[in-house]
1. Of all residues in segment 92-106, which are in contact (Cβ under 8 Å) with a residue 24 or more places away in the chain and within 13 Å of the chain's Cα centre (by Cα)?
2. With under 15 Å from the mean Cα position of the chain (by Cα) and farther than 17 Å from residue 31 by Cβ as the only criterion, which of 63, 89 stands out?
3. For the condition more than 14 Å from the chain's Cα centre (by Cα) and part of a strand (DSSP E or B), what is the one hit in 35, 43?
4. Answer yes or no: is there a residue in segment 69-76 that is at pLDDT below 95 and within 15 Å of the chain's Cα centre (by Cα).
5. Taking the condition of being assigned to a strand (DSSP E or B), of a type in the set (A, V, I, L, M) and closer than 23 Å to residue 124 by Cα, how many residues in segment 46-83 meet it?
Amino acid sequence: MRSRTGGMWWGTTIEAPDPSALAAFYAELLGWPIVQDGPGTAVVAASPQGPFFVFQQADGYRSPVWPPAEGQQRPMMHFDFQVGDLDASVAEAVALGATVAEFQPQQNVRVLFDPAGHPFCLCFD
């Protein structure tokens, strides 16, 4: 965006039933600090300039289904994280509260679910 300023907030906002808990999960997974944690919103940042992951309270939240299924809540987005050791990274994510999806579409990618049920991928080159 051409009009973006250095101080403008930017990042991805993710709905969650418990924003603080989900922020804590991603902060541990990525090694990023929680920079805001208040009623209904928690924020994790790579640096003071971002990018930011904003976790926002969602009443009536429904976890997406993977793989997508007719009539079910579809994943509308997901994160891809490149890792140096796929098995070790999966084990670390699981220890933090992630679960491994049953359906795995690629050999060098692992689909997992965060504690709120959002899918994310760990990718090994």
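The values are calculated or read from the model by the stated rules, or taken from the named source; none is laboratory data. Here the structure is a predicted model, which means the values were calculated and not measured. Every residue, glycine among them, receives a Cβ derived from its backbone with ideal geometry; neighbour counts consider all protein chains shown.
1. Within segment 92-106, 93, 96, 97, 98 meet the criteria.
2. Working: 89 fails: farther than 17 Å from residue 31 by Cβ.
On inspection, the qualifying residue turns out to be 63.
3. 35
4. yes
5. Within segment 46-83, the first condition is being assigned to a strand (DSSP E or B), and the residues that meet it are 52-57, 79-83.
With the extra rule that they be of a type in the set (A, V, I, L, M), the set shrinks to 54, 83.
Those left that are additionally closer than 23 Å to residue 124 by Cα: 83.
Here the count works out to 1.
One line per residue, one yes/no per condition, for (1) acidic (Asp, Glu); (2) surrounded by fewer than 17 Cβ atoms within 10 Å (Cβ to Cβ); (3) over 21 Å from residue 117 (Cβ atoms):
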site: 44; (1), (2), (3): no, no, no
site: 49; (1), (2), (3): no, yes, yes
site: 52; (1), (2), (3): no, no, yes
site: 65; (1), (2), (3): no, yes, no
site: 69; (1), (2), (3): no, yes, no
site: 80; (1), (2), (3): yes, yes, no
site: 94; (1), (2), (3): no, yes, no
site: 100; (1), (2), (3): no, yes, no
